[in-house]
Every structure is written in structure tokens, then in C-alpha cells.
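Colleague: Could you have a look at this structure, given as C-alpha cells, before my questions?
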Amino acid sequence: MGFLGSSTNFRRVAGALALALAAATLGCKKTDGGAAGAAAPAGSYRFALVTNNSSDFWNIGEKGLRKAEKDFGVKVEMFRPLKGEVADQQRFLEDIMVQGFDGVVISPINPDAMTGLFERVAAKMPLVTTDSDAPKSPRKVYVGTNNVEAGKLAGATAVAALKAAHITKGKVALFVGRIDMQNAIERKQGIDETLGKVPGIEILPVFLDHADRALAKKNVEDALARYPDLVLAMGIWSYNGPCMADAVRASSRKDKPILVVFDEEEETLKAVRDGLVTATVVQRPFQFGYQSVKALKEIRDGKTVPPFVDTGILVVNKENVDQFWNELRELKK
């Protein structure tokens, strides 16, 4: 079995990933916007997916939803906030509620701040969360990673790397866009439950960048300059890996920190291959798109869906990065 699924499933997934995003006016028969989950004629559904930012991570997710369009006979429109702001997601959802969509998937930036809006959306159409959950909302399903377990896996990977380097004390810096987003909260929890229990290791307050790549890189540069005993740096969101690699590569420090990050951006995988990043914990963004659309289709068809669809995680390091990268390229064709 390959990293991205069984060989049969992989060939099936990798073979048809390039449907163009159709305009809303192209002939999809719409439902009447009635009760969430009410059935409509097969093939008539029009769904929306709202991301949490414009990261390259979501390009892979889009491949999954395009495959789902073909497999399930639906149409899906993707909405991507440029700056990762709650206001952008709120505006998108307000528009989606009046534009005849039959269901929506969202990666919530701040679930608590959006609970009231989510209740309004869920009263009109099925609501599914992906990548990051909104457990207090009336969403039907969460599709994505068990982020506490992902944090634990990243923490355990970091502990092993410190042990292999014979490092017994020092500081750890964590970098992320926001710490009020559920996936960031849960990943940090998992990291704290593993790495935080190691004697001699101090986890610093989280460095926040608000999904601004320039600030993300500057945060790493500041940490490198401020803490001579920085032994480990961890990037919690996908773009943090490339930003960390750039900053550490350019640093004049003799003792550079171990880097453990998340996700599979091209520059992250290159840094893993080059040995600059020790490991990255990758998710399944292709499945985020595919399984979310599948869940919406089943809900609209009146089928029962589980409250959590776990898409899985994997540690990618220098030993397996080439195989993983080759499979990822096939999915992105």
C-alpha cells in the first residue's frame, strides 16, 4: 500500500483530477433551499467549499473536490480568503446562503466567533467542517485529521529527533497563523502532551503570524536571534514549513535548531529531502475535498453519515520523502 492509499484506489484517484470550476449559471438544477438534509433529485446538487486561507495546501484539496464532482455528479465552487480573516469567511457564507447552494464545507478560522452564523447556515443547508472542526456548531460531519493525535505524533517525532541529537535541554518555538483555530488548538495540545513532558525542554509562547508569510519568516528570524538555546522549532500550519526552512537556511547560527513541521508544500518536501527539515506530519488534503463533497451528497440523499471521517496522517522524513513526493505529484496532475 502506498502513502496515499491502496494501489487500486491511488490509480483511480490520480487518473481524473482536472475538471474546471463551472460557473454558477451553467445549468445545475437547484433545490428550493428547504430543510437541511432534505433530498433533491440525484445529480442536481451545487455545493460550496470555504477554505481558511489561500495556501498552496488547498490546491491539493481542490483536486479532491474536482474528482468528487465527476464521481458524484455534483458541482462545487471554492471560496478562498486571501488573508485568512474571519470577516472573509462570514461574507462568503452570507453570499452562499442566498445563492441557491445545497450544502457547504468550511474550514472555520474561529469557530466560537462564528457559531451564530453556522446555526443560520445549518438551518438552510447541510454544514460540514474540514481541516479544522467547529465542535460546538450544528455541523453534520467533520472530515479531516484527528489534530490532537497529529500533535502527539509531531511531538513524539520531535522528542525522537532531540534524543538522536543527544539534546537534553533547551527552548522550543512553535509557529502558527492563529491559535484560536481548532486545529491549531488541538495540535498544540498534542505537542504539549508529548514534548511538554520532557525534562529540560521549555516550550516558548506561540509565535503568531496571522497567515502572513513575511511575518511568519520574520518570527523565525526573531526567535533564532533572541534565543541562543533554541534547539527545536515546530511549524503548525502548512506555510510555516517553507518560511522556517528559508529563515534557518539563511541564518548564520552555528547551532541551528531541529525543524519538525506539518503538511506537504513543495518547499517543505525539498527541505526534508535536503535534511534541513527533520520531518513533516502530512495530512490528506485531497481527501478533505473528496470526502467532504461525498458527505454532503450522502446527507442530501437522506443517508446516514458518521460525525467524523478520519482522513489519516503520516510522518514524512528523508527516508520516505521521494516515494511520497512522487505519489503527490501524480495526484496534482
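Colleague: What do you get for the angle between helix 240-250 and the principal long axis of the chain? Use alpha-carbon atoms, 0 to 90 degrees, nearest ten.
Modeller: 30 degrees
Colleague: How much net charge surrounds Asp192 when only other residues with a Cβ under 11 Å from its Cβ are counted (Lys, Arg +1; Asp, Glu -1)? Provide the component values of the computation, followed by the final result.
Modeller: Details: positive: Lys152, Arg187, Lys188, Lys197; negative: Glu186, Glu193.
With Lys, Arg at +1 and Asp, Glu at -1, the net is +2.
Colleague: Under 16 Å Cα-Cα from Lys217, which aspartates and glutamates qualify once same-chain neighbours fewer than 8 residues away are excluded?
Modeller: The reachable aspartates and glutamates, counting only those whose Cα sits under 16 Å from Lys217, are Asp209, Asp246, Glu265, Glu267.
Colleague: Also, quick follow-up: If I model a spin label at Glu267 and Glu319 as a point 7 Å from the Cα along the Cα→Cβ vector, what separation in nanometres do I get?
Modeller: For Glu267 paired with Glu319, the spin-label model returns 2.9 nm.
Colleague: Using only Cα atoms, find the angle between the long axis of helix 57-72 and the longest principal axis of the chain, and express it within 0 to 90 degrees, rounded to the nearest 10.
Modeller: Taking the Cα atoms of the chain, the angle to 57-72 is about 30 degrees.
Colleague: Turning to a different aspect of this structure: Of all the accessible heavy-atom surface of the chain, with the other protein chains kept in place and a 1.4 Å probe, what percent is carbon and sulfur? Let's see the in-between values first.
Modeller: On the way: 7280 of 13780 Å².
Looking at the chain in its full context, I get 53 percent from C and S.
Colleague: Going down the list Lys136/Lys270; Lys171/Lys318; Lys63/Lys163; Lys197/Lys332; Lys218/Lys297; Lys188/Lys254, which pairs span over 32 Å between their C-alpha atoms?
Modeller: Going by Cα-Cα distance, Lys136/Lys270; Lys63/Lys163; Lys197/Lys332; Lys218/Lys297 fall outside the 32 Å limit.
Colleague: Can you tell me the dipole magnitude for the chain around its Cα centre, using point charges on the Cβ only (Lys, Arg +1; Asp, Glu -1), in Debye to the nearest 20?
Modeller: 500 debye
Colleague: Val277: net charge of surrounding residues, Cβ under 12 Å, Lys/Arg +1, Asp/Glu -1, itself excluded?
Modeller: That works out to -1.
Colleague: For the pair Lys70 and Arg91, how long in nm is the line joining their label points, each one 7 Å along Cα→Cβ?
Modeller: So the label points at Lys70 and Arg91 sit 3.4 nm apart.
Colleague: Which parts of segment 235-265 would a label at Ala113 reach, counting a residue when its backbone N lies under 15 Å from a point 7 Å out along Cα-to-Cβ?
Modeller: none
Colleague: What accessible area, in Å² to the nearest ten, does a 1.4 Å probe give for Lys169?
Modeller: 150 Å²
Colleague: Now, a different point. Dipole magnitude of segment 237-310 about its Cα centre, charges +1 at Lys/Arg Cβ and -1 at Asp/Glu Cβ only, in debye to the nearest 20?
Modeller: Using only the charged Cβ atoms, the result is roughly 40 debye.
Colleague: Got a number for the accessible area of Leu204? Probe 1.4 Å, square angstrom, nearest 10.
Modeller: 10 Å²
Colleague: Before I look further, what does segment 66-205 give for accessible area per residue, probe 1.4 Å, in whole square angstrom?
Modeller: Working: 5400 Å² over 140 residues.
Accessible area per residue, segment 66-205: 39 Å².
The values are calculated or read from the model by the stated rules, or taken from the named source; none is laboratory data. As the structure is a prediction and not an experimental result, all values here were calculated from the model. Note: ideal-geometry Cβ built from the backbone for every residue, glycine included; neighbour counts use all protein chains shown. Heavy atoms of the whole protein, side chains included, go into the accessibility calculation; ligands, DNA and RNA do not. Shrake-Rupley method; radii C 1.70, N 1.55, O 1.52, S 1.80 Å.
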